[in-house]
Amino acid sequence: MAYSDPDIYQMAWDDFKDQISELMDEMGDGSFWYAAGENLGWQHMSGEKYFQADNGEELLKAILPKTDVTIHVYWERPRKELRFRVSHHDAPMGETYYVRPATEKENNSGVYE
């Protein structure tokens with residue numbers, strides 16, 4: 001039975017990270033990114049972040065909270081943007097993250113972590 005195989009969850013997570021990497025490649029604008037978040041945490045805060053990521057795993061580590069999450073990803077192709085709807089114990093109704101490649105001006109400003 002699949003539910004009793006712990007490897008199935010790891011394989012699904014690895015697959016998900018690979019799919020995010022493919023979307024990043026399709027956006028094709030390098031490894032510098034901008035993320036904006038709404039409804040973050042139990043206080044429903046907003047925020048933004050500039051970061052560097054070369055693959056899906058690095059991007060997810062940069063934006064997701066360090067807890068168990070449920071993730072829905074929407075690809076906004078014309079806008080070159082990924083929208084993540086993320087639910088967890090502090091935000092059961094979900095947080096929203098908008099991630100896009102950084103602009104050239106943002107790249108040159110030195111705002112990256």
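The values are calculated or read from the model by the stated rules, or taken from the named source; none is laboratory data. These numbers were taken from a predicted model, which means no experiment stands behind them. Neighbour counts run over all protein chains shown; Cβ positions are idealised from the backbone, glycine included.
Numbers at a glance
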{"item": "Selection status of Thr67, part of a loop (DSSP other than H, G, I, E, B) and hydroxyl-bearing (Ser, Thr, Tyr)", "result": "yes"}
{"item": "Matching entry among Asp5, Asp18, Asp25, Asp14 (being in contact (Cβ under 8 Å) with a residue 24 or more places away in the chain and of a type in the set (Asp, Glu))", "result": "Asp18"}
{"item": "Every residue from region 49-59 that is in contact with a Phe, Trp or Tyr (Cβ under 7 Å, 6 or more places away or on another chain) and not in a helix (DSSP H, G or I)", "result": "Tyr50, Phe51, Gln52, Ala53"}
{"item": "Conditions (1) assigned to a strand (DSSP E or B); (2) surrounded by fewer than 17 Cβ atoms within 10 Å (Cβ to Cβ); (3) small (Gly, Ala, Ser): number failed by Gly37", "result": "(2)"}
{"item": "Sole residue being at pLDDT below 90, out of contact with any Lys or Arg (no Cβ under 6 Å at 6 or more places or on another chain), of a type outside the set (A, V, I, L, M, F, W, C) and under 20 Å from Met24 (Cα atoms), chosen from Arg79, Arg83", "result": "Arg79"}
{"item": "Members of region 36-61 that are without any contact (Cβ under 8 Å) to a residue 40 or more places away in the chain, out of contact with any Leu (no Cβ under 9 Å at 6 or more places or on another chain) and either within 25 Å of Asp25 (Cα to Cα) or of a type in the set (Asp, Glu) (or both)", "result": "Glu48, Asp54, Asn55, Glu58, Lys61"}
{"item": "Filter result for Glu57 (at pLDDT 95 or above and surrounded by 11 or more Cβ atoms within 10 Å (Cβ to Cβ))", "result": "yes"}
